[in-house]
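The structure under discussion appears below in the form of structure tokens.
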Amino acid sequence: MCGIAGIVGPGAHAGLCRDMVAAIGHRGPDARGDFFDGTAALGQARLSIIDLSTGDQPMANEDGTVWIVYNGEIYNYKELREDLVARGHRFATESDTEVLIHGYEEWGVNFLPKPDGIYAFAIWDQPRKRLVLARDYFGVKPLHYQTSGSTIRFGSEIKAVLADPSVPRSVDLQALHAFLNLRYIPGERTLVAGVKRLLPGHALVFENGRATTTRFFRLPPPRPEKRSEEECLEGIRHYLRRAVVKQLVADVPVGVYLSGGMDSSTLVAFMAEAGVNPIRTFSLGFNEPTDELSDARIVAERFGTEHHETTLSADPLQSFPKVTWFAEEPKENILQGYLLAGFARRSVKVVQGGLGGDEIFAGYAIDNFLYPARNIHRLVPGALSRGLLAPLSRLLYSAQAKTGAIAADEYRRGLQLLCAAGDPRRFYLILRNVWDHDTGAFSRFYGPVLQKAALAPVEDAFAPFFTPEAGDGLSQALWAEFHTKMVDDFLENEDRTSMANGLEVRVPFLDRDLVSFAMTIPPALLMKGNSTKYLFRKAMGGILPEHTLRKKKWGFTFNPYYQFQKDLKSTAERILTKKRVEERGWFNYGFLRKILDHPPHPRLRWHYFFLWLAMGLEIWAGQFLEGDMKNPKLALEDFTC
């Protein structure tokens, strides 16, 4: 694992490349390297996991005509290496990196579907003056780029791109609008205008001053096969076992994030079955009623792990500017991941995490709404939903907003869910708290800058996933979650918070073979009787403790209601002053003031999240739009009045 960066075209030089790598040096504390040939500059900050002695980058082929910088792990690199050796290629190292170079030499971009792993890499083909960027199937590892004229810049993080002072820094208002609805940005946009993400399973070829993107991997929509329940249970166990063992490949110890829930506990169970000893497990508590430390201890004791636990500090917002700098988005669900990663890094360089299990096995709380609603969607004609229920939903919003009773928002959303019958996409987005279908909300929440912007509806980004080919309403939502929230929220969070601490996180539930198998499971088996993860729970029966199988799911996050009473309110008041908010023009200060002045209430969860985002965006703007990229402001006091 590491951080990669580079620039190709006019303006490229070695010093700039080193600055780009320095901006993401936290990703690779073990070594740095760079290459420059007058046209292309490539650089890397390395976290040594495989081939500790000879795997430094940039790395070249035998005659120095093809160069690579690479972030990730290729789990089948030994098999690919054997094939390439048989075809006449000579290797100078034992690293998985060199396999990518020779694979490109042998097959060109047709090589991209062959590696099985998590990766983002850049290959510079000197004879052809061609840059190839590629990102893994499901987007576990990030890659950003920006083009202007005949120059392209790329990096594992946006900071690397912005290290070039010629890159303009302004906010992408459409991305900002999506972020304020979803708390993440779906697709290729980022908060910085002009800086894009390379999408999962895509390659970008930059040649003759032009960038062309192609898709080399496409996961087919769910295609249920005629399988018995027993076949599905055996398949889940088989592919998960293989994924856990496959992702143990490393020349350093591999630990586990352990929450005490089913996903992370399964990783521990299959590690124990594979004979890993010791199994190092790491848990984080929140000092709140939903704390899961005791659940994690049950699993740790059952499998005899070397268990480590820590607790969120009493004032976590003190770390918020630093975490925002690393995450490059001001999210409320990143502090805990950042602190857990820093804690685990004291003992290991690599951990496995349980991300992906809820998406492929229907494990989220919203699935308890989506499951029964799937039959209602079949019964309500789309024309009725769009022609009568959607306008009624907008009327409900207007009526409730006029009362000014913000604690009633939760009840109003419940009624709007009923009005989304027959429209699975709208139903799902309301569950995810998207509000921009209520046109009156713009003037209520936004300041003049966003009110005047021509903003596309957030639901447009979800249209490709809510189609008959994706199955019923539950299957469509799971399909959408897999390609949007999982990639652009959870995986991005996991990468940023872990790599900020020089820690690699692997995700066995996103193993290519396991995901492909999961897409063939009949939806009627994923949940039964509105029980989330019914099939997965049954598959792990007799393997995990009964307590773990029966445990109620809690998200890996704090409760915003409690946080508002701790330090969210006082901190927001010091950052979101009337003068600042009105000068920025993004938010309606009156709405923010209403949240701050309202007595703490458990039904204001969404409002507290919105307040958190507004506060975080002021910090983010001070760092990424107006700040010194080489000397960022990282203390909370830098932003308070």
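For the stretch 479-540, the gyration tensor built on C-alpha atoms gives a prolate shape. Its axis ratio a/c (a ≥ b ≥ c) is at least 1.5, and a/b is the larger of a/b and b/c. Spatially, the stretch 487-519 and the stretch 319-351 are offset by 15 Å when compared through their Cα centroids.
Among the DSSP helices (H) of the chain, those spanning at least 20 angstrom by Cα along their long axis with an average Kyte-Doolittle hydropathy of -0.5 or more are 390-403, 605-620; this is a geometric and hydropathy rule only.
With contributions of -39500 (n - 2.57) from each DSSP H run of at least four residues, the per-residue ellipticity at 222 nm computed over the chain stands at -11000 deg cm²/dmol.
Other residues lying with their Cβ under 15 Å from the Cβ of Leu219 contribute a combined charge of -2, Lys and Arg counting +1, Asp and Glu -1.
With the cut-off at 1.5 for a/c, could you classify the stretch 182-321 from its C-alpha gyration tensor as rounded, prolate or oblate? Oblate.
Is the stretch 566-641 best put as rounded, prolate or oblate by its Cα gyration tensor, with a ≥ b ≥ c the root eigenvalues, rounded for a/c under 1.5, and otherwise prolate when a/b is larger than b/c, oblate when not?
Prolate, since a/c reaches 1.5 and a/b exceeds b/c.
The value of relative contact order for the chain, using C-alpha pairs under 8 Å at least six residues apart, is 16 percent. What is the spin-label model distance, in nm, from Glu469 to Asn433 if the labels are put 7 Å beyond Cα along the C-beta direction? My value for the distance between the label points is 3.3 nm. Find the eigenvalues of the gyration tensor of the Cα atoms of the stretch 414-523, then list the square roots of 5 times those eigenvalues as equivalent ellipsoid semi-axes, largest first, in whole angstrom. Square roots of five times the eigenvalues give 30, 23, 11 Å. For the pair Thr212 and Ser228, how long in nm is the line joining their label points, each one 7 Å along Cα→Cβ? With each label placed 7 Å out from Cα toward Cβ, I get 5.1 nm. Under a cut-off of 27 Å between alpha-carbon atoms, report the lysines in cross-link reach of Lys633, not counting same-chain residues fewer than 8 places apart. Here the lysines satisfying the reach criterion relative to Lys633 are Lys141, Lys159, Lys196, Lys322, Lys331, Lys566, Lys569, Lys578, Lys579.
Please report, as a whole percent, how much of the solvent-accessible surface of the chain comes from carbon and sulfur atoms (probe radius 1.4 Å).
52
Descending by average beta-carbon neighbour count within 10 Å, the peptides 609-615, 269-275 line up as 609-615, 269-275, the highest first. Heavy-atom accessible surface of the chain, averaged per residue, reaches 36 Å², computed with a 1.4 Å probe.
Remark: the Ala524-Phe442 segment gains 25.6 nm on full extension, using 0.36 nm per residue and subtracting the alpha carbon distance.
The slack between Lys78 and Asp597, meaning 0.36 nm per residue of separation minus the straight C-alpha distance, is 180.8 nm. Calculation over all alpha carbon pairs of the stretch 289-409 in 10 angstrom steps from 0 returns a P(r) of 9, 21, 27, 22, 16, 6 percent.
Our summary gives the stretch 96-180 a relative contact order of 15 percent, counting only alpha carbon pairs under 8 angstrom and 6 or more residues apart. Compared with the alpha-carbon gap, the fully stretched path from Asp513 to Tyr561 is longer by 13.3 nm at 0.36 nm per residue.
Taking all protein chains as they are arranged and a probe of 1.4 Å, the heavy atoms of Thr39 leave approximately 50 Å² accessible to solvent.
The aspartates and glutamates within cross-link reach of Lys349, meaning a Cα-to-Cα straight distance under 16 Å and a gap of 8 or more places when in the same chain, are Asp30, Asp51, Glu73, Asp251, Glu306, Glu494, Asp495, Glu504. Short-range pairs are left out: with C-alpha atoms under 8 Å and at least six residues apart, the relative contact order of the stretch 402-462 is 28 percent.
Given R0 = 35 Å, the distance between the Cβ atoms of Arg169 and Asn110 translates into a calculated FRET efficiency of 0.40. Of the peptides 324-330, 352-358, 31-37, the ranking by mean beta-carbon count within 10 Å, highest at the top, reads 352-358, 324-330, 31-37.
The values are calculated or read from the model by the stated rules, or taken from the named source; none is laboratory data. Note that the coordinates shown come from a computational prediction; the quantities given were computed from them, not determined experimentally. Note: ideal-geometry Cβ built from the backbone for every residue, glycine included; neighbour counts use all protein chains shown. SASA here: full protein model, heavy atoms, side chains in, ligands and nucleic acids out. Shrake-Rupley method; radii C 1.70, N 1.55, O 1.52, S 1.80 Å.
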